[in-house]
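Data first, discussion second: the structure below is written as structure tokens.
Just so it is clear, none of the values below were taken in a lab; they were calculated from the coordinates. Bear in mind that the values here come from a model prediction, so they are computed numbers and not experimental data. FYI the Cβ positions are ideal-geometry reconstructions off the backbone, even for glycines, and counts take in every protein chain you see.
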Amino acid sequence: MNRTDWDAYFASLIGDTGTGVPGLAVLAYADGREVYRFAAGVRRVDGERSWPMTVDSRFRMASVSKMFTVFTLMELAEAGKLSLDDDVSQYLGFRLRHPSYPDVPITLRMLASHTSGLRDGRVYSIPPSVRVKAFFTPGSPYWEDGAHFAPAGQAPGIYFTYCNLNYGLLGTVIEAVTGQRFDRYQKAHILAALDCRADYVPGNLEAAEFAKLGTVYLKRDSQGRWDEQGPWQGTIDDFGGVQPEREALALQNPYAQDVCQTYDLAAYRPGTNATIFSPQGGLRLSLEELGHVLAMMIQGGRYQDRPVLAPSSLQAMFSPQWVYDGHNGDTCGQTLLTYGLGEFFVDGTGPARCCRTKAVDLWGHTGQAFGLLSGLFVRLGTGSGFAYVMNGEALAEDDDLRSAGRFSCNYIWEENVMDGLCRLIDGL
């Protein structure tokens, strides 16, 4: 297929109903260089007006953010300021243990690989005045009857369950180690090194970058009713083009969208509760900036000929920390069978394969929240990889049969985009 054919293929995935998405942007690398980019549709709509999707449109990228949190963690480990096998308790300022396994320390490695024995519950982003200890304190409004601990039998270090709260705690540890706010430290170190103007706080974006911020949409109203033929309903970052005040941030709870109040960050004390920043999913990034990350990964930790991470740190991220043995974890519908540190492995012959016609093994991470779908993956040792972002869904995930993939256990939106990108980087 030539470029015109690929443009037509990706353009066919954009639409207002069915499995169409309001906006789509993709980028692909092969043999160590960028070979394709595409953007079309809309990043924001307001009545009859719309703003086009571009490669520098900025979105809350959901769980692709996790790899940036681990980049930051690895940078601190390289500097000797922490060790992945440290007990998280020494940084949080309280003893954190699973009640059923009081003698098993919960480590930073366990948090980063989702083997900590912790669980999300309904709410995992809480007000900045509240310490993260509240998640684990009986009687606290955020205790949720112990919902943040796994059932007995799912031991820390052994049993895998994907848990966003793990990364809220990692962000809090990063603050405790550096003495700086999570968002500020990551911006000054990892994001600056990658030439990313991204931010966790929309009000703190430069005006020109905020103007590129897109909205995430669903065809679901405030009462939870889906109407495929109805208008797109903004779910997050629906600011109507008006930038929020600086140093103000809303809670981000995809499982509890009624718990998303906005708070002033002025009095926040670093090291107490980085969940306000959503280290697991709250980074406002562009596809263009994800391309910088692809380049860095392909070039062994260097970007624009400057070091960002040591090759050994990337190797650790792309090394299995947990592998499903049939009993030792929740696979999220067989989409997660091997997890590293902020990255997971996709077996090209497995149930979550990304290519219909050929086995393409990948390491990376997807993002899925509030209607956004994103992903960044590399094919290790080949100089190949891709990134994508889609900013809405007209159908209910899981509840509508059309949301299911045709040849994999991925959603149809992910399947369509990733199959195309895999074929593109493989020259099929």
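Placing +1 on the Cβ of every Lys and Arg and -1 on the Cβ of every Asp and Glu, with nothing else charged, gives segment 295-428 a dipole about its Cα centre of roughly 560 debye.
Mind checking segment 111-153 for trypsin sites (Lys or Arg not before Pro) that DSSP puts in a loop (not H, G, I, E or B) and that have at most 14 other Cβ atoms within 10 Å?
Filter output for segment 111-153: Arg122.
Charging the Cβ of each Asp and Glu at -1 and of each Lys and Arg at +1, and nothing else, the dipole of segment 213-290 about its Cα centre rounds to 180 debye. Around the amide H of Leu213, modelled in the peptide plane, lie the amide H atoms of Arg58, all under 5 Å away and 5 or more residues distant in sequence or on another chain. Ranked by the mean number of other Cβ atoms within 10 Å of their residues, highest first, the peptides 314-321, 394-401 come out as 314-321, 394-401. Under 5 Å from the amide H of Val42 lie the amide H atoms of Gly23, Leu24, Met53, each residue being 5 or more positions distant or on a separate chain, with H modelled from the backbone and absent for Pro and chain starts. Loop only per DSSP, at most 16 neighbouring Cβ atoms within 10 Å: give me the trypsin sites (Lys or Arg not before Pro) in segment 372-428, ordered by residue number. Of the trypsin sites (Lys or Arg not before Pro), the ones in loops of segment 372-428 whose Cβ has at most 16 other Cβ atoms within 10 Å are Arg406. The ranking of His148, His114 from fewest to most other beta carbons within 10 Å of each one's beta carbon is His148, His114.
Of the residues Gly281, Ala295, Pro311, the one whose Cα sits farthest toward the positive end of the charge dipole of segment 258-314, with +1 on the Cβ of Lys and Arg and -1 on the Cβ of Asp and Glu, is Pro311. Per-residue 3J(HN,Hα) values for segment 164-171, derived from phi via the Karplus relation 6.51 cos²θ - 1.76 cosθ + 1.60 with θ = phi - 60°, read 5, 4, 3, 7, x, 6, 4, x Hz in sequence order (x marks Gly and Pro).
Between Ala192 and Asp347, the contour length at 0.36 nm per residue exceeds the Cα-Cα span by 52.5 nm. Measuring from each cysteine beta-carbon in the chain, the ones with no other cysteine beta-carbon under 4.7 angstrom are Cys163, Cys196, Cys260, Cys332, Cys354, Cys409.
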